[in-house]
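The values are calculated or read from the model by the stated rules, or taken from the named source; none is laboratory data. Just so you know, these numbers come straight off a predicted model, no measurement behind them. We place every Cβ from the backbone using ideal geometry, glycine too, and count neighbours over all the protein chains shown.
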Amino acid sequence: MTDTPLSQLGQSAGSAASPEQAVLERVSNPHPDADYLIRFSAPEFTSICSVTGQPDFAHLVIDYVPDAWLVESKSLKLYLTSFRNHGAFHEDCTVAIGKRLIGLLAPRWFRIGGYWYPRGGIPIDIFWQDGSLPEGVWLPDQSVAPYRGRG
């Protein structure tokens, strides 16, 4: 089912000290003959501003069409958690997550939407995609409303 034994699923596993140290794991796709979409939503993603040291918050939406591999969800959760003490700009966090997942999974198609909460009064949304969506795959809207403040 996997290319290497899973080290976190079903085990006690804490968060890594950094995204570089985090272990992302994959499992075999049970339906490699079918084009289908997988979505992960992380509405409470947190990282640290590399300049001010203040916390940054985002709602991440990760969509992909798998080929041979699926990301193991516990390892993804722990990987995303490893950003809590990681200093980087919004753009770097969002695109780095996408690149790491593409490197692990080699999906048929991938996109990530990073909906960042305001910093200095300006919300920053980051969108990154790799490949072309296969024909016939249902792609629902990411359903994250644009930031409206209190209005």
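Observations, loosely collected:
- Residues that are assigned to a strand (DSSP E or B), out of contact with any Phe, Trp or Tyr (no Cβ under 6 Å at 6 or more places or on another chain) and among the hydrophobic types (A, V, I, L, M, F, W, C), drawn from the range 109-151: TRP109, TRP116, ILE122, ILE126, PHE127, TRP128
- LEU60 meets all of the listed conditions (1) touching a Phe, Trp or Tyr at 6+ places or on another chain (Cβ under 6 Å); (2) touching a residue at least 40 places away in the same chain (Cβ under 8 Å); (3) surrounded by fewer than 20 Cβ atoms within 10 Å (Cβ to Cβ) but one, namely (3).
- Scanning the range 70-108 for residues that are in a helix (DSSP H, G or I), among the charged types (D, E, K, R) and farther than 15 Å from GLN21 by Cβ gives LYS74, LYS77, GLU91, ASP92, LYS99.
- Condition check for TYR117: of a type in the set (Ser, Thr, Tyr), within 23 Å of TYR147 (Cβ to Cβ), out of contact with any Leu (no Cβ under 9 Å at 6 or more places or on another chain) and in contact (Cβ under 8 Å) with a residue 40 or more places away in the chain: yes
- Qualifying residue in the range 35-45 (condition: in contact (Cβ under 8 Å) with a residue 60 or more places away in the chain, over 30 Å from TYR147 (Cα atoms), in contact with a Lys or Arg (Cβ under 8 Å, 6 or more places away or on another chain) and not in a strand (DSSP E or B)): yes
- Test for VAL65: is it closer than 30 Å to VAL51 by Cα and touching a strand residue (DSSP E or B) at 6+ places or on another chain (Cβ under 8 Å): no
- Contacts under 7 angstrom Cβ, first residue in the range 120-136 being surrounded by fewer than 15 Cβ atoms within 10 Å (Cβ to Cβ), partner of a type in the set (Lys, Arg) and not in a strand (DSSP E or B), 6 or more apart: GLY131/ARG108; PRO134/ARG108
- Filter pass, GLY136 being farther than 26 Å from SER15 by Cα and modelled with pLDDT under 95: no
- The condition of being in contact (Cβ under 8 Å) with a residue 40 or more places away in the chain and of a type in the set (Val, Ile, Thr) holds for only one of VAL51, VAL71, that being VAL71.
- Top-ranked residue of the range 63-89 - restricted to ones that are surrounded by 20 or more Cβ atoms within 10 Å (Cβ to Cβ) and closer than 18 Å to ASP125 by Cα, ranked as nearest to the chain's Cα centre (by Cα): LEU80
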